Structures are given as C-alpha cells and as structure tokens.
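Read-outs throughout are calculated quantities, based only on the coordinates presented, and are distinct from any laboratory measurement. The shown structure was predicted, so the numbers you read here are calculated from the model rather than taken from an experiment. Using ideal geometry, Cβ is built from the backbone for each residue, glycine included, and neighbour counts are taken over all protein chains shown.
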Amino acid sequence: MNRSVLPALLAAVILATAPLAAGRAAPPAGASPASTPATVEESFRAADRNGNGLIEEEEYAWQIVQMFAAHDADQDGSLTAAELMEPDRRLFRAADANRDGKLTFQEIMKCKLNDFRRADGDGNGVLNASEAASFTPVAR
Ligand SMILES: [Ca+2]
Ligand SMILES: [Ca+2]
Ligand SMILES: [Ca+2]
C-alpha cells in the first residue's frame, strides 16, 4: 500500500506542486529533514502503480484523489488552508481559481494536471523518471 507515503507527500503534492521531486532538492529554510517524505525514487515508485517505470496521467490523478481525500477532514469536498496545515500561500492562491479560500477537487486537479503537462517534456502523456525528477513548482 502507498498509504504510509501519502500523508507525508500531501502538502507537497497539493500545493508545493512537486510531488515526484519531493526530497530531491534541498528543502527551503525552515523545512525540517524529518518532514521530507521520500526520495525521488520512492515517490516515483509509489506513484507508479502499475510498475511500468512511467507515471501515467491516471496514476498521477489517483495520487491526487488519495491526497485530497486524506486532507479533507470535514469531507465537504474542498480543502481549506487549515485542512492543509501549512500551505504555501502563493500556491494556495494560485490554485484557488474562484478565490473563495477553499480548493475544490476541480481546482486542485486542474492545477496539478497543468503541472503534469508542464513536466511532460516530450509531450507523450507520461512522465519518465527524469521528467518526474525535474518536476518544478510553478510559483518558485
Ligand atoms: Ca505507470
Ligand atoms: Ca474540507
Ligand atoms: Ca476555490
């Protein structure tokens, strides 16, 4: 099961927009090593559910679904800053298309799929390990 990895990846995936690269780049000041969830390879393997060495869009979407569900404490179908604990405010606003202070599943998915397509350097609809590793946050 990927569950043990997912909670640690949540904030990164939803808002830091670097799900697959988590733990690779040196964390910014203030991020403790203890909160670094996994190496790139571990994240990649966790995301690669069918084990074919590529992250398909469905696999990526599945991760988002899992993370969304894990974070939506009150199960109202949207994530508030409080539910996300300490979101990056710029990224939160960037994802909050209608500026209501909540991220709906659609808002997050749209934002994350944009990231996916940006990371997909050769545009073949899947991320290989190197594309995943070069996944870079939008707002940095
Ligand atoms: Ca795969
Ligand atoms: Ca909620
Ligand atoms: Ca919103």
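Let me know the volume per residue of the alpha-carbon convex hull for region 83-126, in Å³. Don't jump to the answer; show the numbers that get you there.
On the way: hull volume 3.8 nm³, N = 44.
Dividing the Cα hull volume of region 83-126 by its residues yields 87 Å³.
Using all C-alpha to C-alpha distances in region 44-140, build P(r) with 5 Å bins and read off the rounded percent in each one.
2, 13, 22, 22, 18, 13, 7, 1
Spin-label point model (7 Å from Cα, Cβ direction): what's the Gln106 to Glu86 distance in nm?
Output for this residue pair reads 3.3 nm.
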